[in-house]
Amino acid sequence: MSFVYPYLFWVLIVPFIIFAVLISTNKEKLSRIFDEKVLKRLSAADESIPLMVRNITIFAAIFLMIVSMARPVIEKGDKVVSVEGINLVSALDISGSMRSKDNYPNRLEFAKKKLETLLDAMPTDEISAVAFAHSPFVIAPFTADKETLKQMIEGVDESYINMGSTDFASLASLVSQLLEEKSPKILVLFSDGGDKEDLAGFADTLKANSIDLYTVLVGTTKGAPVLDENAKPLMLKDGTMAFTQRNDTLLQIAADMGGMGVVAENSKEDIEKVVNAIRSKYANQQQGAVKIKERLELFYYPLGGGLLLLLIALSSAPKMRRAK
């Protein structure tokens with residue numbers, strides 16, 4: 001048997017021994033305050049557990065709890081566990097056009113819900129989240145903790161929206177860095193599209209770094225007005241209203257990059273298509289092997305014994321008296 005935290009045992013046991021010695025060799029504080037006759041009247045005279053036995057029981061209970069906190073185990077040796085799953089980067093468009101309301105309640109919130117659906121469909125995979133507009137930034141590093149990842153994505157609201165132009169080239173550079181040591185290299189993009197000139201450079205960077213692109217497009221081909229931060233239509237210099245439509249060029253680029261693209265729908269079928277395409281291509285490739293220590297935990301035995309002794313020490317049973 002060994003302890004996982006032996007240092008914790010020694011840190012706690014030394015002050016415990018000092019405390020036990022002081023309690024055992026000094027009178028109770030009450031005896032220093034009250035007269036002996038008064039203290040005798042105040043004390044319960046019919047308790048069945050003597051004070052010395054009670055103290056010893058409490059000390060034994062505390063000692064067992066200290067042993068439990070040090071976590072006693074029986075070592076069974078090392079065990080190699082294969083970790084399976086896929087690493088991918090998810091990118092969320094936060095450009096000004098994502099305020100448009102041709103998807104309910106707007107393109108940004110609709111895209112976030114689609115991204116959360118992707119997380120639910122890939123529970124064991126490690127996913128990183130990136131937001132991008134004029135410049136990209138990492139929302140969360142690679143993690144399999146989907147609930148925490150959802151909370152971080154939910155925090156990306158309209159205050160993050162950048163009215164500048166969407167820089168897909170900078171996004172491709174950041175994604176290439178994040179996926180540099182990953183295999184396979186996958187990007188799932190949630191966007192309403194972009195200019196053909198920007199997308200051409202974006203595709204070239206992804207292709208040069210062997211990154212497969214999967215696209216989930218939001219918005220409609222009919223389009224909707226671009227809204228400012230006050231939810232009012234944005235007016236151009238010539239007095240006309242700024243209007244934005246979904247650009248389907250990303251669908252073709254995704255297909256050319258070895259991935260696929262879908263137009264976001266109100267059902268989960270669009271995300272299921274993307275996930276199924278990823279699963280079928282990469283067949284749930286292994287991330288690697290992890291060596292873990294296999295142990296038999298014993299802490300609950302001293303913990304249970306300590307709690308039982310503490311319960312006995314703090315209980316009070318009256319003495320049986322012989323009836324006159």
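Every number in this text was worked out from the coordinates using simple rules, so none of it is lab data. Please read these numbers as outputs of a predicted model, since none were measured by experiment. Methodologically, a virtual Cβ is constructed for each residue, glycine included, from the backbone with ideal geometry; neighbour enumeration extends over all protein chains shown.
Can you tell me which of 260-273, 95-108 comes out highest on packing, and rank the rest after it, using the mean Cβ neighbours within 10 Å?
95-108, 260-273
Which one of P141, P50, P184 has the biggest mean-square fluctuation once the chain is modelled by GNM with Cα springs under 10 Å?
Residue with maximal mean-square fluctuation among P141, P50, P184: P50.
Classify the range 119-229 as rounded, prolate or oblate, taking a ≥ b ≥ c as the square roots of the eigenvalues of its Cα gyration tensor: rounded when a/c is under 1.5, otherwise prolate if a/b is larger than b/c and oblate if not.
oblate
Go ahead and run the numbers for FRET between K281 and F243, Cβ-Cβ distance against an R0 of 35 Å, rounding to 0.05.
E between K281 and F243, to the nearest 0.05, is 0.40.
Comparing L178, L309, L51, which has the greatest mean-square fluctuation in the GNM of the chain with Cα pairs linked when under 10 Å apart?
Most flexible of the set in this elastic network: L51.
Just add up the charged neighbours of G223: K/R +1, D/E -1, any other residue whose Cβ is under 12 Å from the Cβ of G223.
+2
Three principal axis extents, largest first, for the C-alpha atoms of the chain, in Å?
Extents along the principal axes: 106, 51, 37 Å.
Could you calculate the FRET efficiency of Y160 with L308 from 1/(1 + (r/R0)^6), where r is the beta carbon distance between them and R0 is 45 Å, rounded to 0.05?
FRET efficiency, Y160 to L308: 0.25.
Past 24 Å, Cα to Cα, is the threshold; run K196/K268; K113/K196; K113/K222; K182/K268; K150/K273 against it and keep the listed order.
Beyond 24 Å: K196/K268; K113/K196; K182/K268.
For the chain, what does the relative contact order come out to in percent, with C-alpha contacts under 8 Å and a separation of six or more?
Relative contact order for the chain comes out at 27 percent.
In which sequence would L303, L236, L149 go, from the one with the fewest C-beta neighbours within 10 Å to the one with the most? Walk me through the numbers on the way to the answer.
Working: L303 15, L236 10, L149 23.
With the sparsest Cβ surroundings first, the list reads L236, L303, L149.
Using r as the Cβ-Cβ distance of V14 and E116, and R0 as 45 Å, what FRET efficiency do you calculate, to the nearest 0.05? List each step's numbers first, then the result.
On the way: r = 51 Å, r/R0 = 1.13.
Step by step, r from the Cβ atoms, then E = 0.30.
If each residue's Cβ is checked for other Cβ atoms within 10 Å, how do V73, V89 rank with the fewest at the top?
The fewest-first ordering by Cβ neighbours comes to V73, V89.
Taking loop as defined by DSSP and a crowding limit of 14 other beta carbons within 10 Å, which GluC sites (Glu not before Pro) in the range 180-260 fit?
Listed in order of number, the matching sites are E180, E181, E229.
Identify which of I278, I17, I153 has the largest mean-square fluctuation in a Gaussian network model of the chain, with springs joining Cα atoms closer than 10 Å.
I17
What is the spin-label model distance, in nm, from T143 to K79 if the labels are put 7 Å beyond Cα along the C-beta direction?
That separation, rounded to one decimal, is 2.7 nm.
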